[in-house]
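Only one structure is covered here, and it is reproduced in the block below.
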Amino acid sequence: MHKQIDKLVKHIRELEARLGEVDNNLRYIKVIQALKHSLEKLDNMLKDNATLQREYQAIYLSYFYTSCGFSFYDRVCNSILEYQYGNRPF
């Protein structure tokens, strides 16, 4: 299970890096949707296992915890909603 979570976290970080490199609306929304899917998968993997939650707490908090404003996951979801309402970044 640890290898799957580590691989998923690596994938999320790669998607974050790709988000900064997109150059059109289609690539942007594909990366944002992939990020949302991967973050939800990470949440589901950690949801029922207290031991894994303790081990990956820092990573989980960095993506899902709101200290001021919106969490990273909230910003991803808001970006998808904005895109659906017709607000295109490019």
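The values are calculated or read from the model by the stated rules, or taken from the named source; none is laboratory data. Predicted model only: the values in this text are computed from it and were never measured. Cβ sites come from the backbone with ideal geometry, for glycine too, and all protein chains shown count toward neighbours. Note: accessible area is taken over every heavy atom of the protein model, side chains too, but ligands, DNA and RNA are not part of it. Shrake-Rupley method; radii C 1.70, N 1.55, O 1.52, S 1.80 Å.
A few remarks follow.
- Computed from Cα atoms, the angle from the helix 2-19 axis to the main principal axis of the chain rounds to 20 degrees.
- Between 0 and 90 degrees, the angle of helix 25-47 with respect to the longest Cα principal axis of the chain falls at about 20 degrees.
- Positive-pole candidate from N78, M1, Q33, dipole of the chain, charges at beta carbon: M1
- Sulfur and carbon atoms: percent of accessible area, the chain [1.4 Å]: 50
- Residue-span extension gain [L8 to N87] - 0.36 nm each, minus C-alpha spacing: 25.5 nm
- For peptides 26-32, 64-70, 44-50, sequence by mean Cβ density within 10 Å, most packed first: 26-32, 44-50, 64-70
- Accessible surface computed residue by residue for region 43-84, with neighbouring protein chains in place and a 1.4 Å probe, gives 67 Å² per residue.
- Based on the reciprocal of the average 1/r between different C-alpha atoms, the Kirkwood radius for the chain equals 13.9 Å.
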